[in-house]
Amino acid sequence: MIEAYSRAKSVKENLLLILAPRHPERFDEVERICQDFPFKVMRRTQVSPNKQWDILILDTIGELAHFYALSDVSFVGGSLVPWGGQNLLEPAFYKKPIFFGPHMENFAFLAEKFVQAGAARIINKNKDLDEMFLIRDEKSLEKMGRSAKETLNSLQGATEKTIKAIEAMMADS
């Protein structure tokens, strides 16, 4: 991810990257990895108005949704390697285009729905990551974001629908 960001940053200088490690015990490791690159790396808990950064590491819990709201695109982690992916509903709520790797096994149903709706794209290789960072077609991004929100809205009430279907099956037996 950071290598792709580095390549894209050489083309698009104002590009910023926000990383949100899922587990707090990875904050230090992620920071060390980022520091291997020539970027200003900062943790969320160190941010102040007069400090500039290229890469922001969210080292707080419960704030990711706020940063989705501020982003142009979202990449759902845990999906480039066989970890099963992460939740893609938060970026959808904020009408953000969603990108993820090929390993969304834990969220396969949702991933398929969002891809089919044109709200998400699968990143298979580094070239795809580079392209994600460099997308300039604002209309396509807006369309993906709208599709994400519409897809999310279409899925609401799934539990109630499932209960009604089970009740109907039980009544027939």
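As a rough footprinting exposure proxy, the listed residues 51, 149 were ranked by other beta carbons within 10 Å of their own, and the order from fewest upward is 51, 149. Database remark: amide H of residue 18 closer than 5 angstrom to the amide H of 56 (H placed geometrically; neighbours at sequence offset of 5 or more, or on other chains; Pro and chain starts carry no H). Placing unit charges on the Cβ atoms of the charged side chains and taking the dipole of the chain about its Cα centre, the candidate lying farthest along the positive direction among 66, 83, 111 is 66.
Model label sites at residue 40 and residue 172, defined 7 Å from Cα along the beta-carbon direction, differ in position by 6.3 nm.
Between (i) 38, 20, 13; (ii) 33, 18, 15; (iii) 28, 17, 15, which entry matches semi-axes √(5λ) of the Cα gyration tensor in Å as derived from the coordinates of this structure? This structure yields the entry labelled (ii). Rounded to the nearest 20 debye, the dipole size of the range 1-158 about its Cα centre is 340 debye, using +1 on the Cβ of Lys and Arg and -1 on the Cβ of Asp and Glu. Amide H contacts of residue 99: 74, 75, 76, 121, each under 5 Å away and 5 or more positions distant or on a separate chain (H built 1.01 Å from N in the peptide plane; Pro and chain starts excluded). So which lysines pass the test for residue 139, namely a Cα distance under 27 Å, with those fewer than 8 places away in the same chain ruled out? Once the sequence-local lysines are set aside, what remains near residue 139 is 9, 12, 95, 96, 113, 125, 127, 149. Once each part is reduced to its C-alpha centroid, what is the distance from the range 5-47 to the range 91-155 in angstrom? The two parts, judged by their Cα centres, are 22 Å apart.
Apply 1/(1 + (r/R0)^6) to the Cβ-Cβ distance of residue 71 and residue 32, taking R0 = 22 Å, and write down the FRET efficiency to the nearest 0.05. That gives a FRET efficiency of 0.40.
Every read-out reported here was derived from the displayed coordinates using simple, explicitly stated rules and does not represent laboratory data. These figures come from a predicted structure and were not determined experimentally. Counting neighbours? That spans all protein chains shown, and the Cβs are built from the backbone with ideal geometry, glycine included.
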